[in-house]
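S.K.: Following this message is one structure expressed as structure tokens.
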């Protein structure tokens, strides 16, 4: 009996300290991850689905970028794996998002109050997706130019 307890205790202590589970988040949502051990390097299996930003050695933000499943693996400074988890990025349930299907054409709308605005999502038709992305890109370019000008003026 003593040998079994000792063997079990050794196996638990020798096992790598990483989680075997998954993180589920909605598209364009951010969740915080807390690592049990300090992390030196983090890898995302498919950065088109999820992205991770380290806050410090024990905390990170995970963002859902596209629908699908990928994984995150974290290594300590010695290169030993200390964390492993699947990441599932899903739709936003109960968020006021409406998907309108017109034959093969799909349009995603985000509704709040008495108004619905187009919100391009992967899988939407080109006619609704492209114009909204052009507007968003122009807005981001203008914001970056303003920030760069403000920084240069300091």
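The values are calculated or read from the model by the stated rules, or taken from the named source; none is laboratory data. Just so you know, these numbers come straight off a predicted model, no measurement behind them. Don't worry about glycine lacking a Cβ; one is built from the backbone with ideal geometry, like all the others, and counts go over all protein chains shown.
S.K.: Being surrounded by fewer than 16 Cβ atoms within 10 Å (Cβ to Cβ) and either out of contact with any strand residue (DSSP E or B) (no Cβ under 9 Å at 6 or more places or on another chain) or free of Cβ contacts under 8 Å to residues at least 12 places away in the same chain (or both), is that true of even one residue in segment 64-78?
M.R.: Within segment 64-78 (the criterion being surrounded by fewer than 16 Cβ atoms within 10 Å (Cβ to Cβ) and either out of contact with any strand residue (DSSP E or B) (no Cβ under 9 Å at 6 or more places or on another chain) or free of Cβ contacts under 8 Å to residues at least 12 places away in the same chain (or both)), the answer is yes, since at least one residue qualifies.
S.K.: Still on this model: If I filter segment 93-126 down to residues being surrounded by fewer than 10 Cβ atoms within 10 Å (Cβ to Cβ) and either under 15 Å from residue 29 (Cα atoms) or in contact with a helix residue (DSSP H, G or I) (Cβ under 6 Å, 6 or more places away or on another chain) (or both), which single residue comes out as modelled with the lowest pLDDT?
M.R.: Top of the filtered list is 94.
S.K.: Within the group 25, 33, which residue is assigned to a strand (DSSP E or B), modelled with pLDDT of 85 or more and farther than 21 Å from residue 122 by Cβ?
M.R.: Details: 25 fails: farther than 21 Å from residue 122 by Cβ.
Exactly one residue qualifies, and that residue is 33.
S.K.: Hey, any hits in segment 49-61 for a residue that's part of a strand (DSSP E or B) and out of contact with any strand residue (DSSP E or B) (no Cβ under 7 Å at 6 or more places or on another chain)? Spell out the reasoning first.
M.R.: Pass one, segment 49-61, residues part of a strand (DSSP E or B): 50-56, 59-61.
Checking the rest, the ones that are also out of contact with any strand residue (DSSP E or B) (no Cβ under 7 Å at 6 or more places or on another chain) come to 56.
So far as segment 49-61 goes, yes, one or more of its residues are part of a strand (DSSP E or B) and out of contact with any strand residue (DSSP E or B) (no Cβ under 7 Å at 6 or more places or on another chain).
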